[in-house]
Amino acid sequence: MNGSACIAPSLVVNLTVSGEHYAVLVPPYWSLLDLLQRGLGLSVECRCDAGDAIACTVLLNGQPVQSCSVRAADVSDCTVTVGREAARAG
C-alpha cells in the first residue's frame, strides 16, 4: 500500500480578511482558526475549552461565529472580520 494514499490533498481557500484578499493553501482538516493563526499569522486566541467561547469569535459574512468550529474549506469566497469589530458583535 502506498503511504501517501492516506494523506488528504491540500486545497486553496480564497477569502477576504479584514479588507485584504488572500488565497491560502490549507489542509482539509484545518479550522478557520487554524487558517487565521497558522496560515495568515494573525493573533486570534481560542479559549473555548476554558468556557470563553467569545475569544475566537470572528465575523463570517457579517455573522459572529466561533472560528475554531468552522472548517477552513467552508469559507472560500467569504469575508472574515477579526479584531474589535468581531469582538463587539460576539
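The values are calculated or read from the model by the stated rules, or taken from the named source; none is laboratory data. Note that this is a predicted model, so its numbers are computed, not measured. Glycine also receives a Cβ, built like all others from the backbone with ideal geometry; neighbour counts cover every protein chain displayed.
One residue stands out among those in the range 34-62 that are under 12 Å from Thr81 (Cα atoms) and touching a residue at least 24 places away in the same chain (Cβ under 8 Å): the one that is nearest to the chain's Cα centre (by Cα), which is Leu36.
Across the range 58-68, not a single residue is classified as in contact with a helix residue (DSSP H, G or I) (Cβ under 8 Å, 6 or more places away or on another chain), at pLDDT 95 or above, among the small types (Gly, Ala, Ser) and surrounded by 20 or more Cβ atoms within 10 Å (Cβ to Cβ). When Leu25, Leu15 are checked against the criterion of being touching a residue at least 40 places away in the same chain (Cβ under 8 Å) and in a strand (DSSP E or B), Leu15 stands alone in meeting it. Looking at this structure, is Asp34 surrounded by fewer than 13 Cβ atoms within 10 Å (Cβ to Cβ) and either in contact with a strand residue (DSSP E or B) (Cβ under 8 Å, 6 or more places away or on another chain) or at pLDDT below 80 (or both)? No; evaluated as a whole, the condition is false for this residue.
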